[in-house]
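Worksheet: one structure, shown below.
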There are 2 protein chains.
Amino acid sequence: MSENRINVTALSEQLLGPYAEIRKASRARAANPQLQRDPLLGMDEHRERVLGQLGILVEQEAVQRAFPKEFGGFDDHGGSLAAFEELVAADPSLQIKAGVQWGLFAGAILHLGSEEHHAKWLPDAMSLKTPGAFAMTEIGHGSDVASVATTAIYDEATEEFVIHTPFKAAWKDYLGNAALHGKAATVFAQLITKGVNHGVHCFYVPIRDEDGNFLDGVGGEDDGLKGGLNGIDNGRLHFTNVRVPRTNLLNRYGNVDADGTYSSPIPSPGRRFFTMLGTLVQGRVSLDGAATNASKIALQIAVTYGNQRRQFNSTSDTEETTLLDYQRHQRRLITRLARTYASSFAHDGLLDKFDAVFSGRADSDDDRQDLETLAAALKPLSTWDALDTIQECREACGGAGFIAKNRFTQLYADLDVYVTFEGDNNVLLQLVGKRLLTDYAAEFRKLDTGAMALYAAKQAGTTALHRSGLRSVGQAFADISDERKSANFFKDPENQRALLADRINAKVASVANALRAAGKDKAKGAAAFNENQDLLISAARDHGQLLRWEAFTAAIEKTGDPATTEVLTWLRDVFALSLIEDDLGWYLANGLLSMQRARTLSGYINRLLARLRPHAQDLVDAFGYTQDHLRADISSGGEAERQDEAMEYFRKLRASDNAPISEKSLQKAKR
Amino acid sequence: MSENRINVTALSEQLLGPYAEIRKASRARAANPQLQRDPLLGMDEHRERVLGQLGILVEQEAVQRAFPKEFGGFDDHGGSLAAFEELVAADPSLQIKAGVQWGLFAGAILHLGSEEHHAKWLPDAMSLKTPGAFAMTEIGHGSDVASVATTAIYDEATEEFVIHTPFKAAWKDYLGNAALHGKAATVFAQLITKGVNHGVHCFYVPIRDEDGNFLDGVGGEDDGLKGGLNGIDNGRLHFTNVRVPRTNLLNRYGNVDADGTYSSPIPSPGRRFFTMLGTLVQGRVSLDGAATNASKIALQIAVTYGNQRRQFNSTSDTEETTLLDYQRHQRRLITRLARTYASSFAHDGLLDKFDAVFSGRADSDDDRQDLETLAAALKPLSTWDALDTIQECREACGGAGFIAKNRFTQLYADLDVYVTFEGDNNVLLQLVGKRLLTDYAAEFRKLDTGAMALYAAKQAGTTALHRSGLRSVGQAFADISDERKSANFFKDPENQRALLADRINAKVASVANALRAAGKDKAKGAAAFNENQDLLISAARDHGQLLRWEAFTAAIEKTGDPATTEVLTWLRDVFALSLIEDDLGWYLANGLLSMQRARTLSGYINRLLARLRPHAQDLVDAFGYTQDHLRADISSGGEAERQDEAMEYFRKLRASDNAPISEKSLQKAKR
């Protein structure tokens, strides 16, 4: 089978994506033990170590890529995220603390501030002279940023803003750099001038003096030990009538004159709010990349081990079976490998879109909205998948997987909160769902009888859709139980695409229909929305999966090598068909698949997995991580060595005349 | 709705099950901070603390329940496990280290040894004078215990066994008490006498002197930091020609005379091996209970918080929505609440079966095999469910869920390996699957045309089954899309039972068919088995779920109070219908549900969840844990206090004439 092997080097390069060189440089950095986690350190020491590591990144000039040229940067937004994403291999705490400092804190100054603000605060934020906190989330207002209760009331008499925390639910919480290291914070508060609230704005607020003591009116608490990411000093902050100069308002999207007059380039408060928050999308984008990288690392370890480790001898008297030869093991690992490839290719597309918007190459309102939707659709999938993948890898390695030095458990613990921060996954998917509803409504408005027919079909209770050219259930019933015909159907990318797309359309149509039926009454509308919340979120997930499928398919077209193309096509098929298998009930209930076809699906996936099994090692090796990144005992080759030793023992035993155990006993013992 | 409220006190008592008083006493113990985890301790201190806690359990006479009366015990096997299971609320490390000492180490002496062995070693094992390791698992042979490579070769000259580790893969690994505290070990090795291997037997082997130094020939390593359970000193052991007296063989099921003659009350080596291992089933049984308890604790915390915490104001301008009023939140928590109830009732049945076998009340071979199958079916479900439930609860509490003091993350980390030890979940389910195949074959052999007809139906490619009286797909198609009819169908327990049972039969029949087609050739048979491994494991899971459903249904019948009965019935329906929803593709593809019915299922579950929502707090309160057990900041009522403070602030603001924020601004801010 060697002639059919994939070209690992070329695939590896393709997987590194458009920022290959930057990723390689960052991986080289992550291979440096100085930047890695030391598992023996307790929380306090770990926090200090990671702070020191941020200093090393500054020394190595590894942090300024996203910033303007005049500050030593490259205005390279996509490349900057690619570099940070790779730090997850060193220590997720390092990746996230770097993200707090240069993505969130300095990023708020860069994106929400004026050029004066840049000149005044960016250099010290970039050099880490001013470690900073990003004070947005409040104890009582996690995902609902528009409702933060911290106030910034303008005082015309002194030309100052008074930053104030009215009650405990308005304390800022979970802020990296807040417990210990932060000297300043970008604080989100309701801007009030002349008795009018202009909504949430961001203010630059010094919080500690040079000795690390809170400034007057500033207080806080340490969040203490967390489930993971303990290299970051998360904490709470509160403000008691803290005064900052008027010019500390980061005023790119809203300004207050000396006399207290408010002005903004964006008249609509809603649009203004979303524009300001939109500048922070990079956090979501980079979590999507980092989470995908964490899945890759876990899979590279677990597949390597599953390719060496043997257990039970089901087919032979003397040789035990390699784990990855078990169908169940293939189901556990190779399906997740397929998904991780999809996630990796989709992330490249997201990063490209992000760079286009932030570089100004393509930054219309529509582009920005598309970027938001893309990020909100992909980040939930990749972060949930990372937890699922790491956990399955951990379990697939048995007891060894639970030993800390084999990486999985700490990786899981650190990645856990990725599903919550930078936008809770369920909340993000609901945003995507709302966007899908809007698009559906728009399409519905502008379209002719096609859409009306679709709508009418829904009304009549039959949800078979025609737009994508899928055969109806009647036709599908016609091809009686022919496995090969069925396989041909499933492996046709047009059919995969249609199946993945149509369920989104149908689910969104169903929600839209329910909302329409509820009419304009606010309470009824809210109730109808809630009664369809789960379905809408499911449609949003489906939308993210379709985006991944498209990215995967596009990537295959760019793969020159025929063997690689063939193997990646099988892998893409496993990705697509596993999604369909997971939602098989929906497809059948809504007439998009026949019973006959549905019954062949799992078997076909199993056959694809068996076909992919000989390529599993190549497919994880193509991720390109080395043992410096994997750092798991079980990926070091120790398992193979142990087995060689055991085999040699048994070989000698068989050859020996006066062995303590007879050949027969040996057979029996190995029954 | 107060008159419809469930009787929390009575339900709580019912949930405590047949060992209610013992559980209460153990919970009172677990409420003692001395026995709880101190999150500030590092691994070394945590290990010492847990060792000390075992001493406290001895002092409190909390460990001898399972042992014979002559050693101060009660011969109470079921009650003993009930007591240990509750210790998970104090610290899972305590539960597991106690399990190692009194369940595994002392349990091996009790169940595999003779009365002389009991007299000689049990008192010190019980009093913790001899902390012991249970040395079964080897690095290279985790689940495949029959293949352990450690040898115990009988030396007639000295009347000793020579315990030896031939190569590194044969090192004993992951053993609690092995790294530090163990003074002796019960070692599993191939018993060889007169050049014949009689298979795996257990030997009592001293490993450390009074000062904690390894005895001659014994060596080992510390497993070091683990993903959780770091209060236990897991480690590795190896033996270099370590000699123990002949009488150190725990010889209940196999003995070697002074002259080296082997004898056993069980002639078949296979049956002997499984009988010996069968005595250790208590580990699996108690993990099932402990994992279910961990799910209860997580749900009690998360539901309490979800009932207080508010986020976003979708329906009102001034009041935010309580989390548990969101459909998605109900889907996330109440479905898992239903499953945890099912698991709790099923565990009572398992404990009852365990007690019947171990007390001798009903301990035929069939009883023992049924107990094995029950434990192997339920332990995987409850341990996986615990991880899933704890994680979902953690995420449902957002950032607060990630803070260590809110319990979820440590609970997850500790429970993680429950899915691996005492039998890897996938391996256990495969055992269950094999048992189902045997039963199917037996039924097939003895049955008349009924089973033949079933088999013929399979052959013809149609899998609609008739035995259970389910309507065929043709009939189902007849009742056109009537939601009420459909709901009546789904809520009928006979239909639920049939749906849950028939998929097991059909899947097992399908596997049996494939194996039969492969014929008697070993390689072909093994290949066919592997090609159906995933399906067989899926059938085994289904079997466990059916057992749970039956236990839940039986429990409802014992609930006297009408309101409680009604609510528990809804909850049982959610449990059953969620299972069917998860496997909906299978039901439709195999003609057991019509498309029309399938389309109404999710909506019906959503309506049940909304009906259950007002009872969610009662349902978790009935678990009966107090804040001493929950110990989460967010279950302390702090969230409600913070909200009251915020409400009071806004109330005063509205009443004030010269408020800094106008009423209008306030509205806008709360948009």
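Numbers at a glance
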{"item": "Number of partner chain Cβ atoms within 10 Å, mean per residue of B:645-652", "result": "3"}
{"item": "Estimated [θ] at 222 nm from DSSP helical runs (n ≥ 4, -39500 (n - 2.57)) normalised by residues in chain A, nearest 500", "result": "-18000 deg cm²/dmol"}
{"item": "Nearest-ten-degree value, helix A:269-278 long axis tilted from longest Cα axis of chain A", "result": "50 degrees"}
{"item": "FRET E, pair residue A:127, residue A:69, Förster distance 22 Å, beta-carbon r, rounded to 0.05", "result": "0.85"}
{"item": "Length-normalised contact order of chain A in % [C-alpha pairs under 8 Å, at least 6 apart]", "result": "15 percent"}
{"item": "Per-residue SASA entry for residue A:43, accessible area with 1.4 Å probe, Å² rounded to 10", "result": "40 Å²"}
{"item": "Where the protein assembly as shown is the region considered: accessible area per residue in Å², 1.4 Å probe", "result": "36 Å²"}
{"item": "Where A meets B: accessible area buried, both sides, 1.4 Å probe, Å²", "result": "8600 Å²"}
{"item": "Residue list for the range A:216-230, given a label point 7 angstrom along the Cα-to-Cβ vector of residue A:241 and an amide N cut-off under 17 Å", "result": "A:216-219"}
{"item": "Exam field: residue A:266 pseudo-label spacings to other copies (7 Å along Cα-Cβ), nanometres", "result": "7.2"}
{"item": "Percent of Cα pairs exceeding the 54 Å cut-off, where the set is the protein assembly as shown", "result": "24 percent"}
{"item": "Euclidean distance of C-alpha centroids, the range A:76-135 and the range A:321-353, integer Å", "result": "31 Å"}
{"item": "Distance histogram in 10 Å bins (all Cα pairs of chain A, percent per bin)", "result": "3, 14, 22, 23, 18, 11, 5, 2, 1, 0, 0"}
{"item": "Degrees separating the helix B:562-582 axis from the principal Cα axis of chain B, which is the longest one", "result": "70 degrees"}
{"item": "Shape of the range A:123-171, Cα gyration tensor, a/c cut at 1.5", "result": "oblate"}
{"item": "Whole-number D in µm²/s for the range B:133-268 (Stokes-Einstein; Kirkwood sum over Cα pairs; 4 °C, 1.567 mPa s)", "result": "86 µm²/s"}
{"item": "Percent accessible area from carbon and sulfur atoms, the protein assembly as shown, protein chains only, probe 1.4 Å", "result": "51 percent"}
{"item": "nm² value of the averaged projected area, convex hull over the Cα atoms of the range B:523-611", "result": "7.2 nm²"}
{"item": "Zero-based 5 Å bins, Cα pair distances in the range B:500-551, whole percents", "result": "4, 23, 25, 19, 13, 8, 5, 2, 0"}
{"item": "Ordering of B:584-595, B:212-223 by burial proxy (mean other Cβ atoms within 10 Å per residue, highest first)", "result": "B:584-595, B:212-223"}
{"item": "Peptide ranges A:143-155, A:370-382, A:421-433 listed from the most packed, as the mean C-beta count within 10 angstrom indicates", "result": "A:370-382, A:421-433, A:143-155"}
{"item": "Kirkwood Rh and Cα Rg combined as Rg/Rh, the range B:2-127", "result": "1.06"}
{"item": "Position residue A:38, label points 7 Å along Cα→Cβ, spacing to each other copy in nm (shortest first, one decimal)", "result": "2.4"}
{"item": "At 7 Å out from Cα toward Cβ: residue A:603 inter-copy label distances (nm, ascending)", "result": "3.5"}
{"item": "Average beta carbon contacts from partner chains per residue of A:139-148, 10 Å cutoff", "result": "5"}
{"item": "Phi to ³J(HN,Hα) by Karplus 6.51 cos²θ - 1.76 cosθ + 1.60 over the range B:85-95, Hz, x for Gly, Pro", "result": "4, 6, 5, 4, 5, 7, 5, x, 4, 5, 4"}
{"item": "Label-point separation in nm, residue A:364 to residue B:636, each point 7 Å along Cα→Cβ", "result": "5.4 nm"}
{"item": "Which of A:607, B:368 is most accessible, then next, and so on - probe 1.4 Å", "result": "A:607, B:368"}
{"item": "Reachable lysines from residue A:524, criterion Cα separation under 19 angstrom, eight or more residues apart if same chain", "result": "A:434"}
{"item": "Spatially proximal lysines relative to residue A:226 (Cα-Cα < 26 Å; intrachain offsets below 8 disregarded)", "result": "A:97, A:168, A:172, A:183, A:296, A:379, A:405, B:97, B:226, B:296, B:405"}
{"item": "Antiparallel %, DSSP beta bridges [both residues in the protein assembly as shown], to 5", "result": "80 percent"}
{"item": "Prolate/oblate/rounded label for the range B:298-447 (Cα gyration tensor, a/c 1.5)", "result": "prolate"}
{"item": "Separation in nanometres of the label points that stand 7 Å from Cα toward Cβ, at residue A:656 and residue A:214", "result": "7.2 nm"}
{"item": "Cα-derived Rg to Rh of the range B:282-621, Kirkwood definition", "result": "0.99"}
{"item": "Accessible surface ranking that places the most exposed of A:497, B:309, B:361 first, with a 1.4 angstrom probe", "result": "B:361, A:497, B:309"}
{"item": "Those residues of the range A:168-182 whose amide nitrogen sits under 19 Å from the label point placed on residue B:627, 7 Å along Cα→Cβ", "result": "A:168-169"}
{"item": "Amide H partners (placed H, <5 Å) of residue B:199, local residues excluded", "result": "B:191"}
{"item": "Extension gain (nm, one decimal) between residue B:225 and residue B:194, 0.36 nm per residue minus Cα-Cα", "result": "6.9 nm"}
{"item": "Residue mean of other protein chain beta carbons inside 10 Å, A:331-338", "result": "1"}
{"item": "Label-to-label distance, nm, for residues given as residue A:155 and residue B:114 (7 Å Cα→Cβ offset)", "result": "9.1 nm"}
{"item": "Angle in degrees between helix B:522-531 and the longest Cα principal axis of chain B, rounded to the nearest 10", "result": "20 degrees"}
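The values are calculated or read from the model by the stated rules, or taken from the named source; none is laboratory data. Please read these numbers as outputs of a predicted model, since none were measured by experiment. Neighbour counts run over all protein chains shown; Cβ positions are idealised from the backbone, glycine included. Note: areas computed on protein heavy atoms with side chains; ligands, DNA, RNA excluded. Shrake-Rupley method; radii C 1.70, N 1.55, O 1.52, S 1.80 Å.
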